[in-house]
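Worksheet for the structure shown next.
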Amino acid sequence: MKKIVLTGGGTAGHVTPNLALIPHLKERGYDISYIGSYEGIEKKLIEEFDIPYYGVATGKFRRYFDPKNFTDPFRVIKGYGEARKYLKQIKPDIIFSKGGFVSVPVIRAGASLKIPSIIHESDLTPGLANKLCIPVATKVCCNFPETLKYLPEKKAVLTGSPIREELLKGDKEAAYALTGFNKGMPVIMVMGGSQGASAINRVVREALPRLLNDFQVIHICGNDKMDNLLLNMPGYRQFEYVRTELKDLFAITDLVISRAGANAICELLALRIPNILVPLPLEISRGDQLLNAQSFEDQGYSMVIKEESLDEDSLVEGVQQLYFNRDRYIETMSGSHQYNSVETIINMIEEICNEKG
């Protein structure tokens, strides 16, 4: 039986593509293990798949001053040692990484043991963690054609992002039962990423009196970011985080307001849901979401409102304009060339394992 180690974490976007691969790897008979951080979101998300999970120490590589910058390198070194120990124990044929800081010690430890690896870069430009892994990776997958110029030519493969098949199989009746919504009114879903987005949450709540005249709102607002004063507002449902119910909620959603994380927007593209993207501003990010959003806007898949321009008026006007033109956005998204990313990546894994013998 072939063995594979999956890694990636820190945010849901560094985990969900791995989740999309797991059922297909099981079908091919792979023995699957997961290496993540001690208590990161990846540990919680992987629990339902009944595969072995190994936690390692990890540190964040920050571009700004923080006292942890002096201690985290030691955590990475510790994580490298732990990952090497686990990899020697598991003896995988290959490692697949979705990125995030936890992947660095795992991929580097794998390279020291001559274990081939495939890494996936979701954003338009490679993040720091993946930059540290690319030199020792066997192949590097990416979502955007523009990304290829940033990657070694012999390693780069344009695959798109693995999408969980269950997202395409939502149950509308289950969603209406969960939300209590009226079937005759359109639905907006607000998503701020797994950590939530305070700026989006605030403006959406300010705009609710106007939005609820024409729409119902599903608000996935992030951990500890629910507003208890709005719990019983008709036409408005809040959730801290949604897991298995997400596919059902997508099934009744007409428009989405979202951050511009690459995996999230690729899911919206696959689902053909018109969307407004509010990318993380440059002040608190490396600018990857701005580039992702710009690419999707240029291709006609999304409308973009930058956070500095986001207020009640711009949001309501954007929603109304997007809904009025929704058919055009759906048509454009339907004409996009969708890469069969899951099959492409699984076949690549098989090929590398077979080459290894």
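Derivation of every value follows stated rules applied to the coordinates shown; laboratory data play no part. Because the structure is predicted, anything quoted here is derived from the model rather than measured. Positions of Cβ are generated from backbone atoms using ideal geometry, with glycine treated the same way; all protein chains shown enter the neighbour counts.
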Notebook entry, point to check: Hey, what does the equivalent ellipsoid look like for the chain, semi-axes from the Cα gyration tensor as sqrt of 5 times each eigenvalue, largest first, whole Å?
Noted result: 35, 21, 20
Item checked: Qualifying aspartates and glutamates (Cα of each under 19 Å from Cα of K88; at least 8 residues distant if same chain) -> D31
Item checked: Net charge dipole size for the chain [Lys, Arg +1 and Asp, Glu -1 on Cβ; Debye, nearest 20] -> 1580 debye
Notebook entry, point to check: Expressed as a whole number of Å, what is the distance separating the alpha-carbon centroids of the range 147-182 and the range 186-235?
Noted result: 22 Å
Next item on the list: Taking H placed 1.01 Å from N in the peptide plane, check which residues at least 5 places from Q216 or on another chain put their amide H under 5 Å from its amide H.
Entry: V187, I188
Next item on the list: Once you've got the GNM for the chain with C-alpha springs shorter than 10 Å, pick whichever of I252, I46, I77 has the biggest mean-square fluctuation.
Entry: I77
Notebook entry, point to check: Taking neighbour Cβ counts within 10 Å as the exposure measure, how do Y86, Y38, Y30, Y323 sort from fewest upward?
Noted result: Y38, Y323, Y86, Y30
Check: 222 nm [θ] for the chain, helices only, -39500 (n - 2.57) per DSSP H run of 4+, per residue, to 500?
Finding: -12000 deg cm²/dmol
Checklist line | Packing-based exposure ordering (other Cβ within 10 Å, fewest first) of H24, H120, H219 | finding: H24, H219, H120
Note to self: Given a Förster distance of 56 Å, report the FRET efficiency between H24 and L229 from their Cβ-Cβ distance, rounded to the nearest 0.05.
What the structure shows: 0.80
Notebook entry, point to check: How would you classify the range 166-334 from its alpha-carbon gyration tensor, with a ≥ b ≥ c the square roots of the eigenvalues: rounded for a/c under 1.5, else prolate if a/b is greater than b/c, otherwise oblate?
Noted result: rounded
Check: Past the 22 Å Cα-Cα mark, which pairs from K2/K247; K98/K154; K2/K169?
Finding: K2/K247; K2/K169
Checklist line | Longest DSSP-loop-exposure-free segment, GluC sites (Glu not before Pro), the chain, at most 10 other Cβ within 10 Å | finding: 154-357
